[in-house]
Amino acid sequence: MSSAKHQEQFQHFYNEYQAMVYTLCLGYMKGDKDLAKDLTQEVFIQVWRALPKFRQEASPKTWIYRICVNTCLLHIRNNKKFDAQAIDEQHANMPHQTESRDKYEELYRAIGALNDVDRIIIMLVLDEMKYEEIAAVTGIKEGNLRVKIHRIKQRLNELMNNHG
Amino acid sequence: MDSFESLKSAWKDSKQDVSADMTAIDMQRLAIQNHGKSKKFHLGNVAILTLVCIGISLFFYFVAPMQEIISRLGIVLMVGGLIVRIIIELISHRKADQIEFNVDTKTTALQASKFYAWRKRIHGPVTITIVLLYSLGFYLLTPEFLDHLPKFWVIVMDIGYVGIAVILTLVISTGIKKEMAALREIMDIRSQLE
């Protein structure tokens, strides 16, 4: 891939998918905007590196989702102790400001209670991805995925009913 | 409204609030800079080890050429250990680069777990063996040092090296713990994916 094409494609991907990536990172970081911004940057650094290997075998959206999900999961490997504790403390101390803030808090608290992989899967569901697309991103077989998603939804309902 | 549906609605609303923090050009610049920095960091470690290796070799070749076979064996162990360590650093850098982020998560997690399992092996028995052989090499120089230096300074050097060895052991054991924790966490991810 020529340098000009590399740059052009990167800029196109960034403009097209930045919001999608940030939202996923924000959910993964349980609503912490600073950590989500850092993670978004890390995702696009990986996109830049991987771009010469992009062969259009997967759709650009699936390809970017894969990089985003893998960066989130491996990023947490390095910083898990710090992140989990800091974010949970932040949640505990977060003042209840507005109705809209409360709504997002509930969202991040609920998905934040799930394990890393379940959190990723449910965010892909919330993003209205098809099961086959989620399977292509995560590598989990579709049948298995359906069962998992059903269980995650049940767990989320329990979490929200208990909390509310 | 069903709890999950209310989450879905909150998710949609949260997406409306997103605004780009950086322009595409700024992000591109950051990506290029970061790519360069990461390469420099890895190659920096290799460069330091290479300089130490060259320094030791030149010192024993020009400044203090050793005559005894046992001393020469000591030098071979020290320099050889450093060379093996440099090769390991280069292989490790290459292996880390080979973890693909643009494939499905199961594949990436498998690649990452293989990498950390390899790192665990390297940080464990291999690095410990290198340090032990390097230390043995250092002490093999003692008899010939005694012929040229006052006994007091040779003893100071030998005892001083123990301090260095303790620090090295602590650094290595921290590294092993980190690699093992990373491996455990990757295995945890893999089991969550099943």
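Just so it is clear, none of the values below were taken in a lab; they were calculated from the coordinates. Fair warning: this is a prediction, and the values are worked out from it, not measured in the lab. No Cβ is skipped: glycine too gets one built from the backbone with ideal geometry, and neighbour counts run over all protein chains shown.
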Relative contact order (%) - chain B, alpha-carbon pairs under 8 angstrom, separation at least six: 25
Just how far, in whole angstrom, is segment A:116-164 from segment B:83-158 if you go by their alpha carbon centroids? 42
Mean Kyte-Doolittle of at least 0.0 plus a Cα span of 18 Å or more along the axis: flag which DSSP H helices in chain B meet both, please. B:24-58, B:69-97, B:127-140, B:151-193
Just to verify a number: FRET efficiency for B:A181 and A:K33, C-beta to C-beta distance, R0 = 25 Å, to 0.05? 0.35
Please compute the net charge surrounding B:I69, taking Lys and Arg as +1 and Asp and Glu as -1 over other residues with Cβ under 15 Å from its Cβ. -2
Provide the FRET efficiency to the nearest 0.05 for the A:E8-B:D13 pair, computing r from the beta carbons and using R0 = 35 Å. 0.60
B:I48 to B:Y61: extension gain in nm, 0.36 nm per residue of separation minus the Cα-Cα distance? 2.7 nm
With each label point set 7 Å from Cα along the Cα-Cβ vector, what nm distance links A:N162 and B:V76? 6.6
